[in-house]
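The values are calculated or read from the model by the stated rules, or taken from the named source; none is laboratory data. In this text the structure is predicted, and so the values were computed from the model without any measurement. Positions of Cβ are generated from backbone atoms using ideal geometry, with glycine treated the same way; all protein chains shown enter the neighbour counts. Just so you know, the surface numbers come from the protein's heavy atoms only, side chains and all, with ligands and any DNA or RNA stripped out. Shrake-Rupley method; radii C 1.70, N 1.55, O 1.52, S 1.80 Å.
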Amino acid sequence: MNFDFSDDQRLLQDAVRTMLAETSTSQAVREVLEGRASHCAAAWRNLIEMGAVAAAVPEQYGGAGLGHLELCLVAEEAGRHLAAVPLSSSFYLAAEALLRAGSEAQKRHWLPRIASGEVVATAALGSRERYRAPAPLAFDGETLTGTSPALADGGIAGLAVLRVGGELVLAGLAGAGVSREPVPTLDPTRPLAEIRFERAPAERLPTADAAAVAARVLDGAAVLLAFEQVGGAARILEQTRDYALERKAFGRQIGSFQALKHKMADIYAAIELARVHAYYGAWALSSDAPELPRAAAAARVAATRAYVVAAEEGIELHGGIGFTWEMDCHLHYRRARHLGQLIGSEHAWRARLADALIEEAA
Amino acid sequence: MDFRDTPEEAAFRAEVRAWLEANGNKRSRPDEVFGEGLDDAARLAAAKAWQAKKAAAGYAAITWPKEAGGRGGTAMQQVIYQQEEAAYLVPGMIFEISIGMGLPTVMTWAAPELKARFLRPGLAGEEIWCQLFSEPGAGSDTGGVRTRAVKDGEDWIVNGQKVWTSGAHFCDYGILLTRTDWDKPKQEGLTMFIVDMKAPGVEVRPIHQMSGDAEFNEVFFTDVRIPDRYRLGPECGGWKVMLSTLMQERLSVGGNLPTDLHEHLIALARKCEWEDRDGGPRPAIEDARVRARIADAYLQQKGVELIIARGLTAISKGKAPGPEMSITKLVAAKAMQDIAAFALELAGPEGLIGHQALGGDWRYMQRLWLSSPGARLGGGTDEILRNVIAERVLGLPGEIRSDRKLPFRELERA
Ligand SMILES: Cc1cc2nc3c(=O)[nH]c(=O)nc-3n(C[C@H](O)[C@H](O)[C@H](O)COP(=O)(O)OP(=O)(O)OC[C@H]3O[C@@H](n4cnc5c(N)ncnc54)[C@H](O)[C@@H]3O)c2cc1C
């Protein structure tokens, strides 16, 4: 057994961390927050050029051909630095769906374009929860009609993988028959858009079992998102700790109050628990182990909890200043929410975890 | 990153399996425990016999150096042995303090001839050890011990009282924290000794626990003579010796979280029925609320297992395990309490009936529910562990205290 990343993998992580510290600054993220940019272009370009985001795309399709373990560590850094980039849309979801279900021609055409950043891709693979039932998507074998109501990075994506009934469909978003409208979002640093298709040209991903492919891709995304969540949670806890050492009340550092110490100790414990579940998920993902559904669901639930609590209590422990627009606390509060609901809420994933456990104990 | 056994690990696992099959008894039910139906003395004798066999085969202290009677093996091998042994009927806690705390302290601090004297019989279960730190006035605040040791020629004379001493009623030796200098500040006047629990002047009185058992004791010392060569570490160096022991304790308690609690929950939920707004009764296992708690149980217990796996990886690469190890006991003990309590709730009002009448299936969770409050206290309370994490891991300020610099004698007066 070896339950850690290798030195080479850690070197890649360090390089990504150094780069993001320079490009994914609070100021850069706020350009997106305040609507002056659709994403953080400098950070995205660097991530692409380092080969980091296409770590898990094989070399013959223009990727770095490293693997998912590397991508997990890139994800942790993206989360840590609140990177406002279409990483999950393009690489955790769309590229993975293409790799698992695309025809050779589809892979040869699209994956190099995604890996080089020429095209941003996105995906909607189905969620167990919904509110409004939009005009359902309909695919007639050649064209797509209907609405996808909240497509991540839909404003800039040129390609989408969509689950339509029992099929996975690949639709270009740049051509005729597609219109898009940005929707206001609770985490404006990760924009969503509503996409309408009106007899837009589209093609099927030739898989016999779209549901299984979607579930497998979502499991992988759950692990990768868990790394983003752990990265973000660790960062906001560090910032909260630093503030608690600086700020004084009643003649003492607020960090010396036991109520605050114990709260931070509990948050630390929650983050470490999430981290090891994420590691376990990374192993299951990278080795295609049969434990993946259980490991991925556990990582998702633990990491969602940890980041939400770290972000909520981060504001509380900062006091009034934590409630201001200028502090980064709310960026984490928003991002924790975005990551925690993007591929379905923790409740759906907890149910999935229970399904896996009970099935195993049969 | 790889969770599977390496070829060497797989070979060791096969060896352990073969040995256990030849020498051990497999559990016949998941909740069967060692020595059921035996009285205390017979169970102790059976436990000692098992430990002797295990030691002779080199499995009693896998990670210890060969010179000390161990196997010179790896931490991973230790874990593999424990994983395989879990399916067998083996004595649980009896040797835990000996092997997890008492003997490692002897190994670290005692003179070579004492190691030669104590380590082998301890590993073989011929002698059992206890840990005598806590006192009525010194629990979390261990530095406040008042048990007095006074030098008398080549000996020390000890007077005082310890409390909560697990296993003292069947132990042969103990590691004993005393105060030898009352003019130094509290943590600086302490000295650690080996004490013979059968020596004249040692009196052990069992304490009736909330669980109904009597696993811990009060221990009184009246003019007990301890030779100076039984001193562990320097005079007034007891605090450091104690910290080295407690670090071992926290690791070993964290490592004791059973890894199949969610499976126990699943098995019980299959036998109970729940109703909700949609009707019923249906098997509780189909209820979404029950399923959510099963998932949460897994998150906690598997999380602790994984944190330990990460620590082991660090050890196997020659690094120190990270500070995250300090959360294992905190998470594990509370998880046991929560999981056990929920298991009882599965049966509603009937869940209040003792297992003797309700059925053996419930024994395990009922016992866990009654023992878990102790797990949250022993080896450092939840609150003390949070202080440790906040201060040592997160770097937050220490507690405000007024007792650090004063000579202990003056604190006593105040
Ligand atoms: C099952 C069991 C087995 C044990 N076995 C042994 C043994 O073999 N040998 C041995 O020496 N001891 C043993 N102990 C004793 C154990 O170490 C102590 O009970 C424990 O350290 C708490 O000390 P106390 O009981 O004096 O409680 P106290 O220290 O009086 O604590 C009372 C409450 O105050 C809280 N508290 C105290 N200080 C602080 C602080 N600074 N900040 C916040 N909260 C604080 C505690 O968390 C607790 O909630 C055992 C205990 C149990 C329950």
(Q) Need a quick list: helices (runs of 4 or more DSSP H) entirely within the range B:1-93 having at least 2 residues that are among the small types (Gly, Ala, Ser) and away from chain A (no Cβ under 14 Å). (A) B:7-23, B:40-56
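Can you tell me how many residues within the range A:274-299 are charged (D, E, K, R), out of contact with any Leu (no Cβ under 7 Å at 6 or more places or on another chain) and in a helix (DSSP H, G or I)? Outline the logic, then answer.
Applying the first criterion (charged (D, E, K, R)) to the range A:274-299 yields A:275, A:288, A:291, A:294.
Applying the additional criterion that residues be out of contact with any Leu (no Cβ under 7 Å at 6 or more places or on another chain) yields A:275, A:288, A:291.
Narrowing the set further to residues that are in a helix (DSSP H, G or I) leaves A:275.
Summing the residues that are charged (D, E, K, R), out of contact with any Leu (no Cβ under 7 Å at 6 or more places or on another chain) and in a helix (DSSP H, G or I) in the range A:274-299 gives 1.
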**Q.** Residue list for the range B:359-394, restricted to those being open to solvent by less than 40 Å² (accessible area, probe 1.4 Å), within 14 Å of chain A (Cβ to nearest Cβ) and without any contact (Cβ under 8 Å) to a residue 24 or more places away in the chain
**A.** B:Asn387, B:Ala390, B:Leu394
Q) Out of all the residues in the range A:262-284, is one or more facing another protein chain (nearest Cβ under 8 Å), out of contact with any helix residue (DSSP H, G or I) (no Cβ under 9 Å at 6 or more places or on another chain), open to solvent by 10 Å² or more (accessible area, probe 1.4 Å) and not small (Gly, Ala, Ser)? A) no
Q: Might you check whether a residue that is closer than 26 Å to A:Ile315 by Cβ, of a type outside the set (Asp, Glu), open to solvent by 60 Å² or more (accessible area, probe 1.4 Å) and modelled with pLDDT of 95 or more occurs anywhere in the range A:202-217?
A: no
Q: For A:Ala222, state whether it is among the small types (Gly, Ala, Ser) and not in a strand (DSSP E or B).
A: yes
Q.
If I filter the range B:114-132 for residues that are open to solvent by 10 Å² or more (accessible area, probe 1.4 Å), more than 14 Å from chain A (Cβ to nearest Cβ) and within 16 Å of the ligand (Cβ to nearest atom), do I get at least one hit?
A. yes
**Q.** The one condition in (1) more than 13 Å from the ligand (Cβ to nearest atom); (2) open to solvent by 20 Å² or more (accessible area, probe 1.4 Å); (3) under 24 Å from B:Ser134 (Cα atoms) that B:Glu350 fails to fulfil
**A.** (3)
Q. Does B:Ile339 count as in contact with a Lys or Arg (Cβ under 9 Å, 6 or more places away or on another chain), more than 10 Å from every other protein chain (Cβ to nearest Cβ) and farther than 13 Å from A:Glu272 by Cβ?
A. yes
Q: Would you be able to tell me the number of residues in the range B:291-321 that are within 9 Å of chain A (Cβ to nearest Cβ) and either among the basic types (Lys, Arg) or part of a loop (DSSP other than H, G, I, E, B) (or both)?
A: 5
Q: Select from the range B:153-170 the residues that are more than 10 Å from the ligand (Cβ to nearest atom) and touching a residue at least 60 places away in the same chain (Cβ under 8 Å) and list them in ascending order.
A: B:Glu154, B:Asp155, B:Trp156, B:Ile157, B:Val158, B:Asn159, B:Gly160, B:Gln161, B:Phe170
(Q) Just to verify a result, which residue in the range A:317-345, among those that are open to solvent by 20 Å² or more (accessible area, probe 1.4 Å), assigned to a helix (DSSP H, G or I) and closer than 21 Å to A:Val301 by Cα, is farthest from the other protein chains (Cβ to nearest Cβ)? (A) A:Arg334
Q) Of all residues in the range A:217-256 being among the acidic types (Asp, Glu) and either more than 11 Å from every other protein chain (Cβ to nearest Cβ) or in contact with an Asp or Glu (Cβ under 9 Å, 6 or more places away or on another chain) (or both), which is nearest to A:Asp288 (Cα to Cα)? A) A:Asp219
Q | Residues (more than 10 Å from the ligand (Cβ to nearest atom) and farther than 12 Å from B:Lys334 by Cα) located in the range B:365-387 | A | B:Met365, B:Gln366, B:Arg367, B:Leu370
